[in-house]
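Taking it in order: structure first as structure tokens, then the write-up.
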Amino acid sequence: MTLLEASDIEVVYGPGCSRCLDATGDHVGTNQCPHCGSVVACAEADLSVESGEVLGIVGESGSGKSSLAEALALERDPEASVDGEVSYADHDGNLLSVDYQTRHDIRTGEIAFVHQHIRDGLDLDFTGGGNVAEKLLSAGWRSYEDVRDRVRELFEETEVPVSRMDDPTRTYSGGMQRRVQIARALATDPDLIVLDEPTTGLDVSVQARVLDTFRRVQREEGVAAIVVSHDLSVVRLLADRTVVMRHGRIVESGLTDRIMEDPHHEYTQTLINSVI
């Protein structure tokens, strides 16, 4: 079953002009419009996510992958204009044009976002448990004991020591902070989690533990995911299908194994050869 379907997604930073799309993209080698100076972070992006599937979005820095993921997760940047159409599960109409309350409800209950930068996703002055509890309270949970029990359950599930639940999040290791973000994302049983560069700033051994934890939880819960990364090994490990972005455009898409073993686009070939 198709959970999310997006078509012609466009994210532009700047005033934009009628020539932006023709003057940017992989065919010209830039995503900045020479006429108005706007940055076309992504354009003409079409993709879908099936229930329980993991979709990888890969590309170098500045390729537009994070901007696309943020648009799909309804994470609005006030400096960007977002256009296109996103249909989701049983919701009628375009998610990109819903009102504030509907967007809040969807982001609280159905689509979760794990930020690339820890400070964007967690309040480091809160306890680890408090960060997760905040998501539950926002979703309407009111019983103190129920919230505490759910936080304990999520800490156990994501391998964060329950004994550290009431410690300030700033005292956690980077890997623990990342797992707390995942616990927070899972708190209200969303159908879809979007992870933006989930291993940023982590040592290799810590990366492996975070990814293994997420992969196990994702499979056990059957939650769908969009994983954004510049690291092909992350996408290879987690994703069923992959899209490759460059200069704000999707240049290749397909099953992850096919992308990794038989890349068709020259840029994808270069990406893969650079890590072999």
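Nothing in this text is a laboratory measurement; each read-out follows from the coordinates by a stated rule. Keep in mind that what you see is a predicted model, and the values were worked out from it rather than measured. Cβ: placed from backbone, ideal geometry, glycine included. Neighbour counts: every protein chain shown.
Cβ neighbours within 10 Å, averaged per peptide: list 128-134, 207-213 in order, most packed at the top. Please report the intermediate quantities before stating the final value.
Values: 128-134: 22.9, 207-213: 18.3.
Output ranking for 128-134, 207-213: 128-134, 207-213.
Using DSSP to call loops (not H, G, I, E or B), can you name the chymotrypsin sites (Phe, Trp or Tyr not before Pro) in the range 140-214 whose Cβ has at most 15 other Cβ atoms within 10 angstrom? Before the final figure, lay out each step's value.
Numbers: sites: TRP141, TYR144, PHE155, TYR172, PHE214; in loops: TRP141, TYR172.
Qualifying residues, ordered by number: TRP141.
Of the peptides 117-127, 64-74, 227-237, how do they stack up when ordered by the mean number of other Cβ atoms within 10 Å, highest first? Could the numbers behind the result be given before it?
Working: 117-127: 15.1, 64-74: 25.4, 227-237: 21.2.
Ranking the peptides 117-127, 64-74, 227-237 by packing returns 64-74, 227-237, 117-127.
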>> Give me MET1, MET245 sorted ascending by neighbouring Cβ count inside 10 Å, so fewest comes first.
In response: MET1, MET245
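Can you order the peptides 81-94, 182-195, 20-33 by their average number of other Cβ atoms within 10 Å per residue, highest first?
Values: 81-94: 15.3, 182-195: 23.4, 20-33: 17.6.
My ranking of the peptides, most packed first, is 182-195, 20-33, 81-94.
When DSSP beta bridges are limited to those with both residues in the range 143-276, what percentage is antiparallel, rounded to the nearest 5?
Bridges in the range 143-276 that DSSP calls antiparallel: roughly 55 percent.
If you place +1 on the Cβ of every Lys and Arg and -1 on the Cβ of every Asp and Glu, how big does the dipole about the Cα centre of the chain come out, in debye to the nearest 20? Mind dumping the intermediate values first?
Numbers: 25 positive and 49 negative charges, 155 e Å.
Around 740 debye, computed over the chain.
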> What is the Cα centroid distance between the range 15-39 and the range 137-199, reported in whole angstrom?
Replying inline: 41 Å
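Which of ILE106, ILE226 comes first, and how do the rest follow, when ranked by fewest Cβ neighbours within 10 Å? Don't jump to the answer; show the numbers that get you there.
Working: ILE106 19, ILE226 26.
The order, fewest Cβ neighbours first, is ILE106, ILE226.
What is the ratio of the Cα radius of gyration of the range 111-189 to 2.2 N^0.38 Å, with N the residue count, to two decimals? Could the numbers behind the result be given before it?
On the way: Rg = 11.1 Å, N = 79, 2.2 N^0.38 = 11.6 Å.
Dividing the Cα Rg of the range 111-189 by 2.2 N^0.38 Å gives 0.96.
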>> Averaging the inverse of every distinct alpha carbon separation and then flipping it gives the Kirkwood radius. What is it for the chain, in angstrom units?
In response: 19.3 Å
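Roughly what % antiparallel, to the nearest 5, for the DSSP beta bridges in the chain? Please list the in-between numbers first.
Working: 25 of 43 bridges.
The answer is about 60 percent antiparallel.
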> Just how large is the dipole of the range 111-189 about the Cα centre, in debye to the nearest 20, putting +1 at every Lys and Arg Cβ and -1 at every Asp and Glu Cβ?
Replying inline: 200 debye
